[in-house]
1. Give the residue that is most open to solvent (accessible area, probe 1.4 Å), with candidates limited to residues of region 159-209 that are at pLDDT below 90 and aromatic (Phe, Trp, Tyr).
2. Here is a list of conditions, (1) modelled with pLDDT of 90 or more; (2) open to solvent by 20 Å² or more (accessible area, probe 1.4 Å), and SER265 meets all of them except one; can you say which number that is?
3. Pick out, from region 172-221, the strands (runs of 3 or more DSSP E) lying fully within it that include 3 or more residues that are within 25 Å of ALA278 (Cα to Cα) and in contact (Cβ under 8 Å) with a residue 12 or more places away in the chain.
4. Kindly establish whether ASN229 is outside any strand (DSSP E or B), closer than 15 Å to CYS190 by Cα and open to solvent by 60 Å² or more (accessible area, probe 1.4 Å).
5. Determine whether ILE246 is β-branched (Val, Ile, Thr), more than 29 Å from the chain's Cα centre (by Cα) and closer than 28 Å to ILE200 by Cα.
6. GLY255 fails exactly one of the following numbered conditions: (1) touching a residue at least 12 places away in the same chain (Cβ under 8 Å); (2) more than 26 Å from THR163 (Cβ to Cβ); (3) open to solvent by 70 Å² or more (accessible area, probe 1.4 Å). What is the number of that condition?
7. Please work out if GLN260 is open to solvent by less than 50 Å² (accessible area, probe 1.4 Å) and not in a strand (DSSP E or B).
8. Looking only at region 272-280, decide whether some residue is part of a strand (DSSP E or B), out of contact with any Ser or Thr (no Cβ under 8 Å at 6 or more places or on another chain) and under 17 Å from ASN214 (Cα atoms).
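The values are calculated or read from the model by the stated rules, or taken from the named source; none is laboratory data. These numbers were taken from a predicted model, which means no experiment stands behind them. In this analysis, Cβ positions are derived from the backbone assuming ideal geometry, glycine residues included, and neighbour counts consider all displayed protein chains. Remember, those area values only see protein heavy atoms, side chains included, never the ligands or the DNA or RNA. Shrake-Rupley method; radii C 1.70, N 1.55, O 1.52, S 1.80 Å.
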Amino acid sequence: MTIWDACSFKLIAKTNVGPKIYKIFEANQINGFFFAASSDIKIFDHSLNVLDQFPRENRDETIRLMMPIDGTKIVLAANTDIEFYALFCFDKIDLIVRKIRIKQLKIHKNCHSDTISCLDFLKDNLFASGSSNGAIYIWQADAMQKIMELKPFEESDLCDTFTKSDFFSVCGIKEFDSRYYIIASGLSLCVYDNESEKFIFKIMNSHNGSKITNLLTLENNLLVTGAENGSIRIWKFEENLDQKSILNVNLRLVGECLGQSSSISILKTMSKKEIISAGYDNIVIIWRDSVAADKDRKKEITKILSMIKN
């Protein structure tokens, strides 16, 4: 495991955490800690010292996803299980935690009938899990219970062009505008309205026959999706009232980034104006908003010219 400085791109620390580490997750809610998931759960500080290690009960189930919630809990997705753990912080001085411990709270075995492929925080202690067969559950983190099941695609949605397998493999469930859930599953993008408790918009084939692998939300009502064919698309979320004053929503395609030659494996934001993508082609690309960059450049030039004149 390595730690890099995002500004200078220099290597800060490196340690061998074993060959079975599946993924590494940063605990954004707790300053200076990283979680590493394998058969056990490990917590490291920024110097990569092990602060605590918890031996999981069901070590045969591979951890696929991990998510910290409010700095007090960790939720794990291990094949078809959802596991809950508590975090106990000690020696907390000026928001800096010096010691931390992990305790198992609850395990929901086989809560999904297929491998869990998505774990996303929503809001107000709610999170969502999605699986490879298209099933989606909304969870209450405090109660550690499922409270809702979403079914984006019923038999009525299918036709000769599409089959159920086209909409499997949920890869993203994002809360949007405090009212909607945006769901990426298989070929499709859809919008669920929490007020009407209905799916109100669907794009059945969002990447020209290629399944979505990543879903990212940005500012200014923008969404970004990555797909198996290496394409990245940018969507604008829009609301409007029709002639009968009925609210309609739309996801309008406003941009596309083509540079990866393989499936998109990682899609992250580096800043408000930059997106990082990585694929199985071992290429990392930083995409920059050229319009915003031009505006910033003109501002800097104007500022320099005004300083010269003065």
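1. Filtering first and then ranking leaves PHE168.
2. (1)
3. On the way: elements: 180-185, 188-193, 198-203, 212-217.
Answer list for region 172-221: 180-185, 188-193, 212-217.
4. Details: outside any strand (DSSP E or B): yes; closer than 15 Å to CYS190 by Cα: no; open to solvent by 60 Å² or more (accessible area, probe 1.4 Å): yes.
Taking the combined requirement at face value, the residue does not satisfy it.
5. On the way: β-branched (Val, Ile, Thr): yes; more than 29 Å from the chain's Cα centre (by Cα): yes; closer than 28 Å to ILE200 by Cα: yes.
Judged against the criteria, ILE246 is a match.
6. (3)
7. Working: open to solvent by less than 50 Å² (accessible area, probe 1.4 Å): yes; not in a strand (DSSP E or B): yes.
The answer is yes for GLN260.
8. yes
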